[in-house]
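What follows is a single structure, written as structure tokens, with notes after it.
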Amino acid sequence: MRTAARLGATVLGLAAVLGAGWGVGALVGPVGAPASAAEHAEDEDHAAGGHEPAPVDTGLPAGLAVSAEGHTLDLAADALPAGDAVPLSFRLLGPDGTPVTAYETVHEQDLHLVVVRRDLSGYQHLHPELAPDGTWTTAVALQPGSWRVLADATPSDLGSGLVLGADLAVGGTGEPVPLPAPSSTAEVDGYTVTVEGDLVAGQESEVVVRVARDGVPVTDLQPYLGARGHLVALRAGDLGYLHVHPTTASGAEVRFAVEVPAAGAHRLFFDFRHGDVVRTAAVTVDAR
Ligand SMILES: [Cu+2]
């Protein structure tokens, strides 16, 4: 079967890349838990009858490889200076080596870019601009250290979702930051975000997110990119990537169905919009 053959080849390729000490069992699995159209009425993509393309199911976590399905993430530079508004450019190269210029829109954007520090201490979720020649550009604000660039997109020629990752070095002196201890709450800009739920590897776990300000539940979260919040889970150690959209959102609660493929510490980044400002809260969760 095509999938099995491809999976075998991918596992071998990845094992070669990662080197010894990485059993296949240690790798996490398929990603994405898109909400159904009925549960996602505020999403214009869904309301328009569009279908969220299924991620390519390789049985491996997304974002670990720079190439997959014939497509390659090609950073214009693999090192950047630190700073507040440094241009970051890249292309997605198709099977014939030419830049992809046609993309399917998913959650109101043709490409979602996550730039995360290797130690998970820095995180940005950005929406770069596409030039006609296939070059994506955005401004990043990065501290010195090792970063990972994760491009989440659906090239039209492929017709399915792809998450590719590449390393980016940011110059200067930067100390690694230890991963914060597991916690169910995070503070951001005067908002308290509570994340409840047990993550169990290989099982769908319900995660309930609540946002409060000054002790008062926030019940009027605004839609952001077609949903009442976005959750990105990145596994500590390899930055295996999982992007989840809400199953339901009502009142002060946003619920997600999260299936992390393997146990271990994960950093959950919750993007939410309130008062026309998008903020991100992050908590560490241990998956059993
Ligand atoms: Cu996005």
- Please state which of the following conditions Thr138 fails to meet, knowing it meets all the rest: (1) in a strand (DSSP E or B); (2) surrounded by fewer than 16 Cβ atoms within 10 Å (Cβ to Cβ); (3) at pLDDT 95 or above; (4) not aliphatic (A, V, I, L, M). (2)
- Item | Yes/no for Ala85 being among the hydrophobic types (A, V, I, L, M, F, W, C), under 13 Å from Gly159 (Cα atoms) and out of contact with any Cys (no Cβ under 6 Å at 6 or more places or on another chain) | no
- Could you count how many residues in the stretch 244-254 are over 14 Å from His230 (Cα atoms) and not in a strand (DSSP E or B)? 2
- Item | Matching residues in the stretch 255-276 - criterion: being more than 16 Å from the ligand (Cβ to nearest atom) and not in a loop (DSSP other than H, G, I, E, B) | Arg255, Ala257, Val258, Gly264, Ala265, His266, Arg267, His274
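If a residue must be touching a residue at least 60 places away in the same chain (Cβ under 8 Å) and either of a type in the set (Lys, Arg) or farther than 17 Å from Ala252 by Cα (or both), how many such residues does the stretch 266-276 contain?
Taking the stretch 266-276 as the starting set, the residues that turn out to be touching a residue at least 60 places away in the same chain (Cβ under 8 Å) are 266-272, 274.
Still in the list and also either of a type in the set (Lys, Arg) or farther than 17 Å from Ala252 by Cα (or both): 266-269.
Going through the stretch 266-276 one residue at a time, the tally reaches 4.
Quick check: anything in the stretch 236-255 among the hydroxyl-bearing types (Ser, Thr, Tyr) and surrounded by 21 or more Cβ atoms within 10 Å (Cβ to Cβ)?
So the first thing to find is which residues in the stretch 236-255 are among the hydroxyl-bearing types (Ser, Thr, Tyr), and the list is 241, 247-248, 250.
Then keep just the ones that are surrounded by 21 or more Cβ atoms within 10 Å (Cβ to Cβ); that gives 241.
Checked the stretch 236-255: at least one residue is among the hydroxyl-bearing types (Ser, Thr, Tyr) and surrounded by 21 or more Cβ atoms within 10 Å (Cβ to Cβ).
Which residues, taken from the stretch 91-111, are more than 13 Å from the ligand (Cβ to nearest atom) and either touching a residue at least 24 places away in the same chain (Cβ under 8 Å) or in a loop (DSSP other than H, G, I, E, B) (or both)? Give the steps one after another, and end with the answer.
Step one: of the stretch 91-111, the residues more than 13 Å from the ligand (Cβ to nearest atom) are 91-102, 104.
Selection gives Arg91, Leu92, Gly94, Pro95, Asp96, Gly97, Thr98, Pro99, Val100, Thr101, Ala102, Glu104.
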- Message: Just checking, does the stretch 164-187 include any residue being within 16 Å of the ligand (Cβ to nearest atom) and not assigned by TED's automatic domain parsing to the domain that holds Ala263?
- Response: yes
- Task: Would you be able to say whether some residue in the stretch 112-132 is within 18 Å of the chain's Cα centre (by Cα), away from the ligand (no atom under 16 Å from the Cβ) and part of a strand (DSSP E or B)?
- Result: yes
- Item | Count of residues meeting criterion [within 16 Å of the ligand (Cβ to nearest atom) and either surrounded by fewer than 17 Cβ atoms within 10 Å (Cβ to Cβ) or within 21 Å of Phe270 (Cα to Cα) (or both)] in the stretch 149-160 | 5
- Of the residues in the stretch 133-147, those that are within 20 Å of the chain's Cα centre (by Cα) and farther than 20 Å from Ala85 by Cβ number 1
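The values are calculated or read from the model by the stated rules, or taken from the named source; none is laboratory data. These numbers come from a predicted model, not from an experiment. Positions of Cβ are backbone-derived with ideal geometry, glycine not excepted, and every protein chain shown enters the neighbour counts.
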